[in-house]
Structures are given as structure tokens and as C-alpha cells.
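This report concerns only the one structure given below.
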Amino acid sequence: RSGDIAEIQPKAAGSSLLHNLTRHFVKDALRIAGLDLDSLPLILPVATGMSITLTLLCLKSQFPERNMVVWPRIDQKSCLKAIYAAGCEPVVVENRLEGDSLVTDLEAVEQALLWPDERGAGGVAEEEGRESAGPEEAGPPPPPPPPLA
């Protein structure tokens, strides 16, 4: 694209229409949320990896002491690249073989989400670059984040 990104693109009438409609929907949603805009918001498309990176960066700005992301292993590198691009450390949860299929090990994901002192031996995560510690080594966990509104 060249010129004004919000302008209608003659060779892409359908996507231009969807883009304009989306801008109106977003403006209405923002109005409902209490933000009254004089003009339409600018909406830019973002690929999967970039959207994950931006989300993680936003979360890190709110919770700077937290930098670990539980990542059930999948064969898609953009997630892993996004975690590293945001300055986070992945806690990789390996898949489990069921019959002839690989499935996400939900029990291992649950274990990875626990604080280090609650994981006990055999936890799947590392805390700040060291093996999972017992309660006497780990110290008290940071307070949980406030609920999202």
C-alpha cells in the first residue's frame, strides 16, 4: 500500500469495505466503553506472531516481575518467536502420545501454572533459570495479579 492506509483501495473493494465496516464497529464499541471519538479509529492488520508479542509486552508492562509463558509445544514457530521477542521465557510443556496421536498434556500445563513451591518435585517449569525449588528455597510467591475487568 502507498499513501493513506485508510483510503479505499480500488483493486481490493471487498477488503476496503470490511476494513471500513470494522472501523465503524470499533468506534461504536469504544463509544459503548465510554470513549467518544471524533473520527474513526485506525485499524492495522497484524500477523499472529506480532499480535502475541504485543499482547505479552502489554502484560509485561502491567506485571514486570512476571516473564514466563507456559507454552504447550506445537509445531508453529511464531508463538515461540513471539515469546522471545517480548523478552519472556517459555515454559515448554511437551505433548503426550495417545494411541497414534500427540495431544496436549493438560495435567502438565496445570503443573506449569503452579507457583514453584506448589509444584513439588517433577514440576515442568524452571523458575528464573533454576530448577524448580522446594518451599524453603523458593521463598513466598509474588501476589497473584488482580482480576481482569
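Each value in this text was obtained by applying a stated rule to the coordinates, not by laboratory testing. A quick note: this is a predicted structure, and the numbers were derived from the prediction, not measured. Note: ideal-geometry Cβ built from the backbone for every residue, glycine included; neighbour counts use all protein chains shown.
Annotations for the structure displayed:
- Whole-angstrom gap from segment 25-40 to segment 57-93, using each part's C-alpha centre: 31
- Under 5 Å between amide hydrogens, built in the peptide plane, is the criterion, and for Glu89 it picks out Met68, Val69 among residues at least 5 positions away or on other chains.
- Taking amide H positions as modeled 1.01 Å from N, with prolines and chain starts lacking one, the residues under 5 Å from Asp105 and 5 or more places away or on another chain are Arg96.
- Under 19 Å from the Leu102 label point (7 Å along Cα→beta-carbon), backbone N, segment 60-75: 70-75
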